[in-house]
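Down below is the structure, laid out as structure tokens.
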């Protein structure tokens, strides 16, 4: 594992100020000590008491740098909740920033779901060994610290619990600033992957509604389902008492050979990142923003794999109350008779509904696509229009950061991962909810519901662009773009049809 290599000791040099052994390779691009989060918020502190500042993070580079800025200038706490936290290039950059924040006394809590942790448990324990970093794992028993037989046993004896995952994604700094939305922490969510990247969307929230996000995080953190990583194994890494155990991580993250020139330039200009957001004209102060999150565990399970949740109910109400239009982006589109009837009721009363989802050519999830494929015709017959994302969407040249495009002589596949909805051109939903039974009934999800015509129109500009023929195919009863892929991929998709839709 790359993470395990990087958490080992490395060549050191003496820091004459602290007396500690440390690397100083990127001291010139890290923290500007004249800046702090509280200072940057002073001029908007009154607004934050009664309103919520909303800034939509569309491109991967901007979303990454914003997280880096907030981590670099946090003063008290960073609370992080993610479905996926990978130890790839982006994950290692994130870990380096978190360790540096912890070194200056910031208290960091990291909660990750067990099933998709792409890291060795020894690496996680090393990170957790920092006195200011605490890591918990949600609903463990299917991945970390388990062998294949233990995992299969969990699947066989407790199928519902095995499939109940925490899909929430929140990043909370000093209890004042929040990022939530579709992105996990991995290369492909920030345009770093050389083969496949996602078109995704997050939203930055400042002020009033961040209190509800804080409350949600604490509820998950204190849940019986969230278990300290130190309780999952008795085997602690050999280096947990080594004061230099993070040096190799710092060296990697600060080595300019590991980053494209454009990324290094952005890191160098990091101190200006947050002021640029405030001065952009795209930070909108909104009276009515509602953060909605499911409860840990989602529902009581009395309805088998069904049962819904708070986020499901919220979305149903928004669809039922729509008057003129609904625009939706969802990477997975697996409908039930109930959800199709909901859309049919809306189109019958004159609501125009358009949905953008992945095509077979752009999807990263053949199981989910097979579930969509089963009922695609039935969904079209409700009156909704369906568009399927192109893997070579022209829009990627605008949305994706220039780092990748400037560094390789081909274009990676571009898939859809944003989970957004705009209702009547004035209500925007940005969150983690996919239009599938898993999000509706099993995974915990969270949503930011923003009542602002200005925010909605800004988001709609991007959505409208992605409905265009150069970015998506319109699927009809007579036409779909499945033939754009190889016969092998089509056969693989067909074989997935044996899976029950309830777990897709």
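Just a few scattered comments:
- Segment 354-393 and segment 181-240: distance between their alpha carbon centers, rounded to Å: 28 Å
- Ordered by the count of other Cβ atoms within 10 Å of each Cβ, fewest first, 257, 388, 464 give 257, 464, 388.
- C-alpha long axis of helix 89-103 to longest principal axis of the chain, angle in °: 50 degrees
- Within the chain, helix-based [θ] at 222 nm, where runs of 4 or more DSSP H residues each add -39,500 (n - 2.57), nearest 500: -10000 deg cm²/dmol
- DSSP bridge orientation in the chain - percent antiparallel, rounded to nearest 5: 65 percent
- To the nearest ten degrees, helix 210-221 and the longest principal axis of the Cα atoms of the chain are 80 degrees apart.
- Relative exposure of 199, 385, 165, judged by other C-beta atoms within 10 Å (fewest first): 385, 165, 199
- By other beta-carbon atoms within 10 Å, ranking 433, 190 with the fewest at the front produces 433, 190.
- Pairs of Cα atoms nearer than 8 Å and 6+ residues apart set the relative contact order; for the chain it is 19 percent.
- Cα-based Rg of segment 289-503 normalised by 2.2 N^0.38 Å, two decimals: 1.02
- Degrees separating the helix 337-348 axis from the principal Cα axis of the chain, which is the longest one: 70 degrees
- Among [x] 35; [y] 51; [z] 39, the entry that matches percent of Cα pairs over 34 Å apart as calculated here: [x]
- Relative contact order (%) - segment 289-503, alpha-carbon pairs under 8 angstrom, separation at least six: 30 percent
Only the coordinates and a few stated rules stand behind these numbers; no lab work does. Since we're looking at a predicted model, the values are computed, not measured. Here Cβ is always computed from backbone atoms with ideal geometry, including for glycine, and neighbour counts include all displayed protein chains.
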